[in-house]
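Q: Here it is, the structure, as structure tokens.
Values in this text are rule-based calculations from the coordinates and carry no lab data. Everything numeric in this text was worked out from a predicted model, so none of it was measured. Cβ sites come from the backbone with ideal geometry, for glycine too, and all protein chains shown count toward neighbours.
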């Protein structure tokens, strides 16, 4: 991966505009802010004018701003407005914080400053940065910045930042000891152990029984298997900080380890009673509902969800009713879940600040809430359709489409089917045209388009010509999007052994276009994408310039090779599956979630990165084909 210079990011110079006789704004640089030294409690102006904009002039997007001290203090949305060649956004800073990290994004596009985020340092009353800033910035990049802003800093650079901060003030080891050692655990086992010993010794010598100190010493003693001493610190935490995050995490661990549903339920009840104000209660409740759902104990799941409705995620309600529809559950019982979801949605959308978690921006929270409510409407439409109630099904799918902002292709086919079934051919033509032009239409949607055109104007030729035009527009749109997303970065070399016992060395594949697909057997989106990936493999099986590598990784089973081999053989996939048994390769590629695909050119450079799977096999094959075509030409 391309080396990112974090020190450069630390000293980003804000650009300004100058006012003389003319009010015209002059941007300097790609990113900046006014005033040059922003202070807490004052208005901040964000200025943005990239050389290669990720956004169109009339495109709506936001700055996702996270203000931090030692921990995250505020998550905010700032709408950006186009003005004189660039974009401007304004916000009032809170009365706390050492600085802020932000990214620019909307549903389609994102600019995260090459994985570092854009940094704003706050000034104190003397016009200087706050003393705690350097370590807090390192913590932000290693911790919540990777989780909530999806940043991808070089961990070696973050480690150096921590080292520099601690060299200036050794007392920071008390506050950041866990982060420093956890980071080194990822980088170097030998250095990790030395760091752990050093910090352990320092905290013991200077022990004042803060929550962070107790947490570190508990974990450090567990690391060296001194369980008796660790238990002393656990008891100390219970006495001094009974609501501590560490204690909550330990109890959640016990719940995950519990093998039977009654045992899990007992731990869940104990957690809610012990930590009544915890942000993790929603996660606990979701886990219980999922347990019941997976066991097809739908009545128990519904009863539990109703009892804990104040602290149940809308996602868990959606996943429950979605499974019920898949399993052919009684629509009358499913209606209870849909009604509960409606009540939860209406209550939370009316007062999002009351219900959102601290790490969610208001816009992210409300968009997410509306999305899952929209997906519940989609499930409702499926139930109505099974009952031949086309009118109600159409009303439900239309609302689902609106709530999800038309961004989920899984709705498209049912919407098209229902419009055609209802005899609304004009609307069917309009919607299917949109779906096809987006590049996310299934073959069935294309058939409905042609049948609807024939039903409106009676011409098969017009239907075929119209479809060809829409497909060409979709292909051009997809190609332009791919070209816009192209990168040029080195790909870490590796040698792995595949399921056939052969060594696979990446550098030996130079001269070929290589598609690397990281996957695991437990990963739903990974395995759901494989029929489409098999289509792609079959398409290029006779092309000597193209190579597919399906790297199995992040498995949690003991016999990893046997596990992967059994899956591939049962599904009859003809994949080349190198085994990343120690997860070193996926770590070197800085993958945050799977499936993730890296498409390499003939020189071995990564040129495209594709994350996730949207459920459309035809689109997947078309996208990969376009990537390969671009790299060939």
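Q: Take the Cα radius of gyration of the stretch 489-632 and divide it by 2.2 N^0.38 Å, with N its residue count; two decimals is plenty.
A: Numbers: Rg = 14.0 Å, N = 144, 2.2 N^0.38 = 14.5 Å.
The value comes to 0.96.
Q: Note the angle between two axes, namely the Cα long axis of helix 412-421 and the longest principal axis of the Cα atoms of the chain, as a number of degrees from 0 to 90, rounded to the nearest 10.
A: 30 degrees
Q: Can you run the Rg to Rh ratio on the stretch 104-246? Use alpha carbon positions and the Kirkwood inverse-distance Rh. List each step's numbers first, then the result.
A: On the way: Rg = 17.1 Å, Rh = 16.8 Å.
With Rg and the Kirkwood Rh in hand, the quotient comes to 1.02.
Q: Testing the spin-label approximation: label points 7 Å from Cα along Cα→Cβ at residue 222 and residue 386. State their distance in nm.
A: For the pair residue 222/residue 386, the computed spacing is 4.3 nm.
Q: Where the centre of each part is set by its Cα atoms, how far does the stretch 543-607 sit from the stretch 328-376, in angstrom?
A: If we compute the Cα centre of each part, the gap is 36 Å.
Q: What do the square roots of 5 times the Cα gyration tensor eigenvalues come to for the stretch 183-291, in whole Å, largest first, as semi-axes of the equivalent ellipsoid? Write down the numbers at each step before the final one.
A: On the way: eigenvalues 174, 57, 28 Å².
So the three semi-axes of the stretch 183-291 are 29, 17, 12 Å.
Q: Compute the Rg to Rh ratio over the stretch 263-479 from the alpha carbon atoms, using the Kirkwood formula for Rh, and round to two decimal places.
A: Details: Rg = 20.5 Å, Rh = 19.1 Å.
Radius of gyration relative to Kirkwood radius: 1.07.
Q: Over all alpha-carbon pairs of the stretch 30-75, lay out the pair-distance distribution in 10 Å bins, whole %, shortest bin first.
A: P(r) over the stretch 30-75, rounded to whole percents: 19, 46, 28, 6.
Q: Right, another one. Determine the distance separating the Cα centre of the stretch 168-200 from the Cα centre of the stretch 380-426; give it in Å without decimals.
A: 55 Å
Q: Among 580, 542, which comes first, second and so on when ranked by fewest other beta-carbon atoms within 10 Å?
A: Numbers: 580 21, 542 7.
Lowest to highest Cβ neighbour count: 542, 580.
Q: Run the Debye formula on the Cα coordinates of the stretch 247-292, all scatterers equal and no solvent, and tell me log10 I(q)/I(0) at q = 0.19, 0.23, 0.26, 0.29 1/Å.
A: With one equal scatterer per Cα and no solvent, log10 I(q)/I(0) is -0.48, -0.71, -0.92, -1.14.
Q: Further, regarding this structure: For the modelled label position 7 Å from the Cα of residue 57 along Cα-to-Cβ, which residues of the stretch 71-114 have backbone nitrogen atoms closer than 15 Å?
A: What the label zone holds, given the 15 Å backbone N cut-off, is 81-88.
Q: A further question on this structure: Among 432, 456, which comes first, then next, by fewest other beta-carbon atoms within 10 Å? Intermediate values should be presented prior to the final figure.
A: Numbers: 432 30, 456 14.
Going from sparsest to densest Cβ surroundings: 456, 432.
Q: Sticking with this one: Run the simple label-point estimate for residue 407 and residue 303 please: 7 Å along Cα→C-beta, distance reported in nm.
A: Calculated label separation equals 3.8 nm.
Q: Further question: Taking Cα centroids, how far is the stretch 64-82 from the stretch 461-513 in Å?
A: About 35 Å separates the Cα centre of the stretch 64-82 from the one of the stretch 461-513.
Q: For the stretch 275-379, what are Rg and Dmax over the alpha carbons, in angstrom?
A: 13.3, 38
Q: Please determine, in degrees from 0 to 90 and to the nearest 10, the orientation of helix 443-457 with respect to the longest principal axis defined by the Cα atoms of the chain, where the helix direction is its Cα long axis.
A: Once rounded, one gets 40 degrees.
Q: Cα axis of helix 155-168 to longest principal axis of the chain: angle in degrees, 0 to 90, nearest 10?
A: On a 0 to 90 degree scale, this one is about 20.
Q: So, one more: Please list the three semi-axes, largest first and in whole Å, of the ellipsoid equivalent to the chain, using sqrt of 5 times the eigenvalues of its alpha carbon gyration tensor.
A: On the way: eigenvalues 338, 208, 177 Å².
Three semi-axes, in Å: 41, 32, 30.
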